[in-house]
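Down below is the structure, laid out as structure tokens.
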Amino acid sequence: MFIHPKIQQLDAKLIEQLRRFHPYFARFALFIVYFWFGILKILDTSPANPLVMQLQQKTLPFLSFHQFIVGFALFEMLIGVLFLFKKFDRIAIALFVLHMGTTFMPLVFLPAVAWQSFLTPTLEGQYIIKNLVLIALVMNIGANLKPWAEKV
């Protein structure tokens, strides 16, 4: 297939720029999502708070919701901040994995909230399922880590 040399040059430059800026934008995007959504939870303005409350009451009923939501929000904000700094990638990824485990729980523990019908998520269910995109982004960051064995 013939592709005009000017288009090939443009393609190469675009890919070069994407490779150059992707790591920074990925980190900034994760920071924004995690920090912003965490702040909304603390301010009790997050549309996710009722869902979080239902899940918390089902899984950790011995905690007050206020204690839980503040801790959970600070946990999310910490994840966001850690992703800003490459040297904290392993810690951020570990906390991210823990967080993702909790975010998918409503699909199982609160099916009436997450599903309209078989394979048809509610708006809340869609909100949860979209986390697959965050997982892919974090996998990309993790895939670019140097293994500890190579660092020595």
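Quick notes
- Dipole magnitude of segment 5-146, debye to nearest 20 (Cβ charges: Lys/Arg +1, Asp/Glu -1, about Cα centre): 560 debye
- Note on Leu43 and Ala29: their simple-model spin labels are 2.4 nm apart, each label 7 Å out from Cα toward Cβ.
- Above-threshold pairs, the threshold being 21 Å between Cα atoms, out of Lys87/Lys130; Lys41/Lys130; Lys86/Lys146: Lys87/Lys130
- Only helical runs count toward this figure. For the chain, summing -39,500 (n - 2.57) over DSSP H runs of n ≥ 4 and dividing by all residues gives -24000 deg cm²/dmol at 222 nm.
- The chain: relative contact order in percent, alpha carbon pairs under 8 Å with at least 6 residues between: 22 percent
- Candidates per chymotrypsin sites (Phe, Trp or Tyr not before Pro) in segment 15-102, loop by DSSP, up to 12 other Cβ within 10 Å: Phe62, Phe85
- Cα gyration tensor shape for segment 54-144, rounded if a/c is under 1.5, else prolate or oblate: oblate
- Once the C-beta distance of Lys58 and Lys13 is scaled by a Förster radius of 41 Å, the resulting FRET efficiency is 0.20 to the nearest 0.05.
- Checking every one of the chymotrypsin sites (Phe, Trp or Tyr not before Pro) in segment 114-152 against DSSP loop status and a limit of 10 other Cβ atoms within 10 Å picks out Phe118.
- With respect to the chain, whose longest principal axis is taken over its alpha-carbon atoms, helix 65-83 is tilted by about 10°.
The numbers here are math on the coordinates, done by the rules we state, and not lab data. Since we're looking at a predicted model, the values are computed, not measured. FYI the Cβ positions are ideal-geometry reconstructions off the backbone, even for glycines, and counts take in every protein chain you see.
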